[in-house]
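Chemist: To start, I am sharing the structure in question, which I have written as structure tokens.
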Amino acid sequence: MGPRDKQGFGMNHESPLLFTARWVLGPEGVIENGCVHIAGGRILAVCPREDVPASLMEKQPGTEHRDLGEALILPGLVNAHCHAPMTLFRGAADDMELLPWLERRIWPLEAELTREITFLGTMLACAEMAAAGITCFADMYVWSNETARAVHDVGLRAVLSEGLLGFPTRSYGSVEESLALTRSFMEEYAAHPRISFAPAPHTAFTSTEEQLVQSYALSKELDSPWLIHAAETASENSRVLEMHGQRTIPYLDSLGCLGERAVLVHAVDLTPEEVEIIAARGAKIVHCPRSNWKLASGMAPVHALGAAGVTMALGTDGAASNNSLDILGEMRAAALGAKIRQMDPTALPAAEVLAMATRNGAAALRLPGSGMLKPGQPADLCVLNFAGPHLQPCHDPLSHAVYAAQGSDVCLTMVDGRIVYDHGAFPTLDYPALLEAGHEVQAHMRKVLDRKGRQER
Ligand SMILES: [Zn+2]
């Protein structure tokens, strides 16, 4: 299932392109009747349609014009935390306590994973994300080089990682080998235009102290972010306290792992002092509200984190605990959740939540330039179609993007100047073949779960 670029519009990185639409979100705000001019995979201009200088068009002969009509062009959305291959486990286990969820469902299914299945799960996740306007995501899983292969083929941007655990895995072998594998992937992909790798200890209680300390040093040495699930639940904090005499945040801080490279996923169970420590160290957080609610983990104190000046991004987490890779849905959950947590309707306004899903995500992942439609930046964008009845009338397109739109309203997604989703079509992958392969894996997994169920009876 390699890249199968169909002939056509926008598929050539070098073919200059002029998108026009009713609204464009530029660096200074919404532009009415705006346009985005793209060439060589980069943005040349973002401006009102009438301001496109003829000289610019002349400099780019052969520019194709595509009018998107009643639509909003947004920067590409950033999903700052995912486990892409877990898309295959969507709906295989819901409404369960964490331990039985893992022991009876997720771990038996993960035992069946092969390289090929991991690749397939990532292809499905990439298709889902492309169709929902996500141009860039961060991922943590096993066999992450298979994830990279799929991301390369589909054409998304990604920061990938091999989850580092304090026990051997089939993916990297022994604990000692886990960091060497991470280093080799980081070096292998250092020159890739869209894919990079980062060290990612799984948690403060499932990774060893050496893995934590050495992986943070590696992120400094090779200049990458450092990803970790942190303070996801109160029980995690109790566990870390029992093992190391401190809760997660002070423990990571005592190891020197809480610097500006740290991307703390979840950050739900935090004391006010811990919020201050995160802010003082410049660590970033990834808020995953729907996963946190579905697993009844709690609600991250985004109001306090925001007030302390912490950079906050948004993530879906894996499809097994969400169950959808739709950042627009996550934006709405974040905005509504912040309000009810504070009992304050002014908490986390639309513009801030949109920033979380775009430029903050890019900043947390150390991808300067992504997350904004600005001249000189890579052409990563998505287009929301505003034709649906649920988006009528439109007083404020940004309000609609956060409070009324959904992932299925995305009609076009472009990464690095290349269209990866276009009105139901996936120009870079063979969707019917992918669907068929997904059905086969589902049938196999059904048998695994049935067998497990019989053993338990
Ligand atoms: Zn996660």
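The values are calculated or read from the model by the stated rules, or taken from the named source; none is laboratory data. Predicted, not measured: the structure shown is a model, and the values here were computed from it. When we count neighbours, we look across all protein chains shown, and the Cβ atoms used for this are built from the backbone with ideal geometry, even at glycine. Areas reflect the complete protein model, heavy atoms only, side chains present, ligands, DNA and RNA absent. Shrake-Rupley method; radii C 1.70, N 1.55, O 1.52, S 1.80 Å.
Chemist: So how much slack lies between Ser408 and Asp67, counting 0.36 nm per residue of separation and subtracting their Cα-Cα distance, in nm?
Modeler: On the way: separation 341, 0.36 × 341 = 122.76 nm, distance 1.98 nm.
Result for the pair: 120.8 nm of gain on full extension.
Chemist: Compute the angle between helix 209-221 and the longest alpha-carbon principal axis of the chain, please, reported from 0 to 90 degrees and rounded to the nearest 10.
Modeler: Its long axis makes an angle of about 30 degrees.
Chemist: Of Lys220/Lys374; Lys59/Lys220; Lys294/Lys447; Lys59/Lys284; Lys339/Lys452; Lys294/Lys452, which pairs sit farther than 30 Å apart, going by alpha carbon to alpha carbon? Could the numbers behind the result be given before it?
Modeler: Details: Lys220/Lys374 28 Å; Lys59/Lys220 42 Å; Lys294/Lys447 26 Å; Lys59/Lys284 41 Å; Lys339/Lys452 42 Å; Lys294/Lys452 24 Å.
Beyond 30 Å between Cα atoms: Lys59/Lys220; Lys59/Lys284; Lys339/Lys452.
Chemist: May I ask you to give the solvent-accessible area per residue for the stretch 172-285, in square angstrom, as obtained with a 1.4 angstrom probe?
Modeler: Values: 4530 Å² over 114 residues.
Heavy-atom accessible area per residue stands at 40 Å².
Chemist: Within the stretch 22-180, what percent of beta bridges assigned by DSSP are antiparallel, to the nearest 5? Spell out each step's value before the answer.
Modeler: On the way: 11 of 23 bridges.
About 50 percent, rounded to the nearest 5.
Chemist: Just want the answer: with Cβ charges of +1 for Lys and Arg and -1 for Asp and Glu, which residue in Pro100, Ala230, Met343 is farthest toward the dipole's positive end in the stretch 77-364?
Modeler: Projecting each Cα onto the dipole axis, the largest value belongs to Met343.
Chemist: Only bridges whose two residues both fall in the chain count here: according to DSSP, what percent of them are antiparallel, nearest 5?
Modeler: Around 50 percent of the beta bridges assigned by DSSP in the chain are antiparallel ones.
Chemist: Contact order normalised by length for the chain, with contacts defined as Cα pairs under 8 Å and 6 or more residues apart; what percent is it?
Modeler: On the way: 982 pairs, mean separation 97.7, N = 457.
RCO, the chain: 21 percent.
Chemist: What is the Rg over Rh value, at two decimals, for the chain, using alpha-carbon atoms and the Kirkwood definition of Rh?
Modeler: Details: Rg = 21.6 Å, Rh = 22.4 Å.
My calculation puts Rg/Rh at 0.96.
Chemist: A further question on this structure: Using a simple spin-label model with points 7 Å from Cα along the Cα→Cβ vector, what separation in nm is obtained for Ala308 and Ser238?
Modeler: 2.3
Chemist: How far, in degrees from 0 to 90, does helix 272-281 lean away from the longest principal axis of the Cα atoms of the chain, to the nearest 10?
Modeler: Its long axis makes an angle of about 60 degrees.
Chemist: A follow-up question, please. Report, to the nearest whole %, how much of the accessible area of the chain belongs to carbon and sulfur atoms, 1.4 Å probe, protein only.
Modeler: On the way: 9330 of 17910 Å².
About 52 percent, which is the carbon plus sulfur part of the accessible surface.
Chemist: Test of understanding: express the Cα radius of gyration of the stretch 22-89 as a ratio to 2.2 N^0.38 Å, with N the residue count.
Modeler: With N residues counted in the stretch 22-89, Rg over 2.2 N^0.38 Å equals 1.45.
Chemist: Per-residue HN-Hα couplings for the stretch 308-319, Karplus 6.51 cos²θ - 1.76 cosθ + 1.60 at θ = phi - 60°, whole Hz, x for Gly and Pro?
Modeler: 7, x, 6, 6, 10, 10, 10, x, 8, 6, x, 5
Chemist: From the alpha carbon gyration tensor of the stretch 222-275, can you work out the equivalent ellipsoid semi-axes (sqrt of 5 times each eigenvalue) and give them in Å, largest to smallest? Walk me through the intermediate numbers first.
Modeler: Values: eigenvalues 72, 29, 20 Å².
Square roots of five times the eigenvalues give 19, 12, 10 Å.
Chemist: Round to the nearest 10 and report in Å² the accessible area of Cys411, as given by a 1.4 Å probe over the protein chains' heavy atoms.
Modeler: 10
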